[in-house]
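Shown next, in structure tokens, is the structure this report addresses.
The values are calculated or read from the model by the stated rules, or taken from the named source; none is laboratory data. Note that the structure is a prediction, hence the values are computed from the model and not measured. Please note: Cβ atoms are built from the backbone with ideal geometry, for glycine as well, and neighbour counts cover all protein chains shown.
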Amino acid sequence: MSDLLVEKVGPALRVTFNRPEAHNALTFEMYEGLHAACEAADDDPDVRVLVLTGAGGKAFVSGTDIAQFAGFDGPEGVAYEQRITRVVRRVEDATVPTVAAIDGYCIGGGLAVAAACDLRIATTASRFGVPIARTLGNCLSMDTQALLVAHLGPARTLDMLLRARLLDAAEVHAAGFLTQLADDAAGLDEALDTTVTALAGHAPLTMWAAKQAVVRLRRATLPDGDDLVERVYGSADFAAGVAAFGTRRRPTWEGR
């Protein structure tokens, strides 16, 4: 079975991250499949909404599959972050409205993908964060950092990143990140159906203009950050973090 399921459901193109045994961690192929799904949604006049969700009931996406990082150095880290930015921006630039339906962990690259969507609905049991300061020792691209700051504010984003803590659904809902909370998976499906129906009935160009205005405002003053990425991904700390991930051993951070 495919790691990425793409199917039309009424007026929506539904993309399901389908690696429940790995908490839907994204491979490079899944990122590219998501990019292709955005293209397909925009090319099909019958698709009025793009929905992203995760299989298994435990995670939306738990981040990028760590196996993708084996042997990385600084320039490869820059290329990786640029690759992810390309996909995240493609989600952000989708002509049709995009909705993330989240049940469980929404971590790392998954949080970036969800943040790139226009609307986010989640169960109360969902958790959000980028705990890389205690796991891998890598960093975010400038684009992803700006996306999180735009949604959560600088103080909450830094608290989340520096303390490497996961935010609960109530906290990110209060911050405005979530459009709606649902008690459980059944409630999530009901809220999603209601949202898709409403969006499918609204003026497409009006919604597109609103989406693009927000995107252009966010990107208007975005600085370059490749130097930050290259230094961190080229560090001994990052190599140690990748080597230790999946074991019960915590890496020793040395700041080099």
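Sort out which residues of the stretch 179-205 are among the charged types (D, E, K, R) and outside any loop (DSSP other than H, G, I, E, B), and write them in order of number. I'd like the intermediate steps shown before the answer.
Residues of the stretch 179-205 among the charged types (D, E, K, R): 183-184, 189-190, 193.
The answer is D189, E190, D193.
Pick from L13, L50, L5: which is in a strand (DSSP E or B), farther than 16 Å from A114 by Cβ and touching a helix residue (DSSP H, G or I) at 6+ places or on another chain (Cβ under 8 Å)?
Answer to the selection: L13.
From the list T157, T135, T124, pick out the single residue that is of a type in the set (S, T, Y), surrounded by 18 or more Cβ atoms within 10 Å (Cβ to Cβ) and either closer than 23 Å to G57 by Cα or under 16 Å from the mean Cα position of the chain (by Cα) (or both).
Details: T135 fails: either closer than 23 Å to G57 by Cα or under 16 Å from the mean Cα position of the chain (by Cα) (or both); T124 fails: surrounded by 18 or more Cβ atoms within 10 Å (Cβ to Cβ).
That would be T157, the only listed residue that is of a type in the set (S, T, Y), surrounded by 18 or more Cβ atoms within 10 Å (Cβ to Cβ) and either closer than 23 Å to G57 by Cα or under 16 Å from the mean Cα position of the chain (by Cα) (or both).
Which number in (1) under 25 Å from V78 (Cα atoms); (2) without any contact (Cβ under 8 Å) to a residue 40 or more places away in the chain; (3) not in a helix (DSSP H, G or I) marks the one condition that G176 misses?
Only one criterion in (1) under 25 Å from V78 (Cα atoms); (2) without any contact (Cβ under 8 Å) to a residue 40 or more places away in the chain; (3) not in a helix (DSSP H, G or I) is unmet by G176, namely (1).
Could you tell me which residue of the stretch 209-228 is surrounded by the most Cβ atoms within 10 Å (Cβ to Cβ), considering only residues that are at pLDDT 95 or above and of a type in the set (V, I, T)?
The selected residue is V215.
Of the residues L152, L119, which is aliphatic (A, V, I, L, M), touching a Ser or Thr at 6+ places or on another chain (Cβ under 9 Å), over 22 Å from P20 (Cα atoms) and surrounded by fewer than 24 Cβ atoms within 10 Å (Cβ to Cβ)?
Numbers: L152 fails: touching a Ser or Thr at 6+ places or on another chain (Cβ under 9 Å).
Being aliphatic (A, V, I, L, M), touching a Ser or Thr at 6+ places or on another chain (Cβ under 9 Å), over 22 Å from P20 (Cα atoms) and surrounded by fewer than 24 Cβ atoms within 10 Å (Cβ to Cβ) holds for just one of L152, L119, which is L119.
Just one of the numbered conditions (1) surrounded by fewer than 17 Cβ atoms within 10 Å (Cβ to Cβ); (2) at pLDDT 95 or above; (3) outside any loop (DSSP other than H, G, I, E, B) is not true of A67; which one?
(2)
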